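Asker: I am attaching a structure below and will ask some questions about it afterwards.
Nothing in this text is a laboratory measurement; each read-out follows from the coordinates by a stated rule. Values in this document were obtained by computation on a predicted structure and should not be read as measured data. Reconstructed Cβ throughout: ideal geometry from the backbone, glycine too, with neighbour counts over all protein chains shown.
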Amino acid sequence: MDWIEKERNLIAQVYRRQNVILERGEGCYLYDINGRRYLDLVSGIACVSIGHSHPDFIEKVCGQLKKLVHVSNLYYTIPQIALAEKLRDITGMDKFFFCNSGTEAVEASLKFARKATGRKKFVAFKNAFHGRTMGALSVTYKEKFRKPFEPLLEHVEFAEYNRVEDLEKKVDFETSAVILELIQGEAGVFPADRDFVKAIFELKEKYGFLVIFDEVQTGFGRTGKWFAKEHYGFQPDIMAMAKAMASGFPIGCSAMSDEVAKKLEKGDHGSTFGGNPLACTASLATIEIIEKYKLVENAEKMGDYFMKRLRELFEDVRGKGLMIGVRVENAEEIVKKALEMGLLLNATSEENLRIVPPLIIRKEEVDLAIEILTALTKNR
């Protein structure tokens, strides 16, 4: 059966897919329908943090699946409350709203900022990516994402990333919030300068706006810290999370300070599936596994080693932990050739590769990836 042709006839063609049909996964590896193995340096776009088919994860999720999957937010459930309590411990935030994705987490964060401040304007950054729904898209920079769906939300301005003087021109007393990726992921993995983040909080004191950290891609150990904000030493008013939050199971969250939360009222926002018992159990299991197997520490250690090895092959290698960007000449061609050689990579542009493997990756798997990349670059 030609599954790829069947997909073209049945699925809306909004995705660029690699020419492979994946069937199962184990650890840092994925297997296609013919049984061929691939080393996974994509992990579902920085989602599958604990690796594929982790036995502890399967046990916890299957246990919940047998008890209760969904009842809606008309009722209380213990996994949701337990997850919120755990998130308070690891994030330092006060209150939590659960949803189903990173885009939804950003949408909620924007709404909460407007409600809390009574202001309308947002300041985002050039090359930022925050999602594709109408609100999240409004603070996403690239024209190719935005243009077909305009008009978007009004009162959004884009400042230069890592340029304080440009930001100073954009923020004012009408600004509700500044939304920031501490490491711009879709742009090619570009970290914010610490002095730049410091300047945002100094401007916050002057103008009274809120700061939203988009930690959708950087959260849950990806950068060698639980959250990227720990590299910078600043606490946001609102923080969006998702992706690795449940190691691939759909869940998102907008976390906030008590000062923001106290401005919200019943009915200000909602989600039918958000925070359902199964998703929350998957998230709790993920956090427990990250803690038990010290995967935050492994991300820092293996990230340093991976970047060291990559610099043997490429001049421009950047990132934190296991969120790595590499500048190359033809990213799409490298991704295609790597697939043929059993290595899964992701290109965020024609000149940038993004490497975000599971946090369980070991030295031997890093060495295997370098071996394949070495052969690939020599062949070119």
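Asker: From the cross-link list 120/144; 115/292; 301/336; 60/262; 204/308; 60/301, which pairs have alpha carbons spaced over 31 Å apart?
Answerer: Working: 120/144 25 Å; 115/292 39 Å; 301/336 28 Å; 60/262 34 Å; 204/308 37 Å; 60/301 28 Å.
In this structure, 115/292; 60/262; 204/308 lie more than 31 Å apart at Cα.
Asker: So what J values fall out for the stretch 218-225 if you push phi through Karplus, 6.51 cos²θ - 1.76 cosθ + 1.60 with θ = phi - 60°, rounded to Hz, Gly and Pro as x?
Answerer: 8, x, 6, x, 4, 9, x, 10
Asker: Roughly how many whole Å is it from the C-alpha centroid of the stretch 320-377 to that of the stretch 69-128?
Answerer: Centre-to-centre distance over Cα atoms comes out at 32 Å.
Asker: Another question about this same structure. Considering amide H positions built from the backbone, and no H for Pro or chain starts, which residues 5 or more places from residue 176, or on another chain, come under 5 Å of its amide H?
Answerer: Residues meeting the amide H criterion: 120, 121, 122.
Asker: What order do you get for 61-69, 40-48 when each peptide is scored by the mean count of other beta carbon atoms within 10 Å, highest first? Don't skip to the answer; put the middle values down first.
Answerer: Values: 61-69: 13.2, 40-48: 23.7.
Ranking the peptides 61-69, 40-48 by packing returns 40-48, 61-69.
Asker: For a quick protection proxy, order the peptides 91-101, 151-161, 236-246 by their average other-Cβ count within 10 Å, most packed first. Numbers along the way, then the final one.
Answerer: Numbers: 91-101: 21.2, 151-161: 15.6, 236-246: 28.3.
Peptide ranking by packing, descending: 236-246, 91-101, 151-161.
Asker: Once amide H atoms are built 1.01 Å from N in the peptide plane, which residues 5 or more positions from residue 184, or in another chain, come under 5 Å H to H?
Answerer: HN-HN under 5 Å from residue 184: 190, 192.
Asker: Let's test the formula: R0 of 35 Å, r as the Cβ-Cβ distance of residue 206 and residue 86. What FRET efficiency results, to the nearest 0.05? Mind dumping the intermediate values first?
Answerer: Working: r = 35 Å, r/R0 = 1.00.
Taking R0 as 35 Å, the efficiency between residue 206 and residue 86 is 0.50.
Asker: Separate question: Tell me, what HN-Hα J-couplings in whole Hz come from the Karplus equation 6.51 cos²θ - 1.76 cosθ + 1.60 at θ = phi - 60° for each residue of the stretch 299-306, using x for Gly and Pro?
Answerer: Residue by residue, the stretch 299-306 yields 4, 5, 5, 6, x, 4, 5, 4 Hz.
Asker: Mind checking the dipole of the stretch 56-292: about its Cα centre, +1 per Lys or Arg Cβ, -1 per Asp or Glu Cβ, Debye to the nearest 20?
Answerer: Values: 33 positive and 33 negative charges, 99 e Å.
The calculation lands at about 480 debye.
Asker: Moving on. Using a 10 angstrom cutoff on alpha carbons, build the Gaussian network for the chain and name the most mobile of 198, 169, 60.
Answerer: Its mean-square fluctuation being the largest, the pick is 169.
Asker: Another question, if that's okay. Could you tell me what fraction of 2.2 N^0.38 Å the Cα radius of gyration of the chain comes to, as a two-decimal ratio? Intermediate values should be presented prior to the final figure.
Answerer: Numbers: Rg = 20.6 Å, N = 380, 2.2 N^0.38 = 21.0 Å.
Here the Cα radius of gyration is 0.98 times the empirical estimate.
Asker: Ordered by residue, what ³J(HN,Hα) values in Hz, to whole numbers, does the stretch 240-248 give under the Karplus form 6.51 cos²θ - 1.76 cosθ + 1.60, where θ = phi - 60° and Gly and Pro are x?
Answerer: 8, 9, 5, 6, 6, 4, 9, 6, x
Asker: Grab the alpha carbons of the stretch 232-307, take their convex hull, and tell me the volume per residue in Å³. Mind showing how you got there, number by number?
Answerer: Values: hull volume 9.8 nm³, N = 76.
Normalising the Cα hull of the stretch 232-307 by residue number yields 129 Å³.
Asker: Dipole magnitude of the stretch 120-202 about its Cα centre, charges +1 at Lys/Arg Cβ and -1 at Asp/Glu Cβ only, in debye to the nearest 20?
Answerer: Working: 13 positive and 15 negative charges, 72 e Å.
In total the dipole reaches around 340 debye.
Asker: What is the stretch 162-263's relative contact order, in percent, from Cα pairs under 8 angstrom and six or more apart in sequence?
Answerer: Details: 140 pairs, mean separation 23.1, N = 102.
RCO, the stretch 162-263: 23 percent.
Asker: Given points 7 Å out from each Cα along the Cα-Cβ axis, report the residue 147 to residue 193 separation in nanometres with one decimal.
Answerer: Label at residue 147, label at residue 193, 3.1 nm between them.
Asker: In nm, what is the difference between 0.36 nm times the number of residues separating residue 4 and residue 73 and their Cα-Cα distance?
Answerer: 21.0 nm is the gain from fully extending residue 4 to residue 73.
Asker: Here's something else I'd like to know. Between residue 17 and residue 367, what is the label-point separation in nm under the 7 Å Cα-to-beta-carbon projection?
Answerer: 3.6 nm
Asker: Using Cα pairs under 8 angstrom and six or more residues apart, how large is the relative contact order of the chain, in percent? Don't jump to the answer; show the numbers that get you there.
Answerer: Values: 760 pairs, mean separation 88.3, N = 380.
Rounded, it is 23 percent for the chain.
Asker: Alpha carbons only, please: Rg and Dmax for the stretch 197-336, in angstrom.
Answerer: Cα only, the stretch 197-336: 18.2, 56 Å (Rg, Dmax).
Asker: Pull up all non-local amide H partners of residue 316: gap of 5 or more, or a different chain, and H-to-H distance under 5 Å with H placed in the peptide plane.
Answerer: Under 5 Å from the amide H of residue 316: 327.
Asker: I need the Debye-formula profile for the stretch 286-380: one equal scatterer per C-alpha, no solvent, reported as log10 I(q)/I(0) at q = 0.11, 0.13, 0.18 1/Å, two decimals.
Answerer: Log10 I(q)/I(0), no solvent term: -0.31, -0.43, -0.79.
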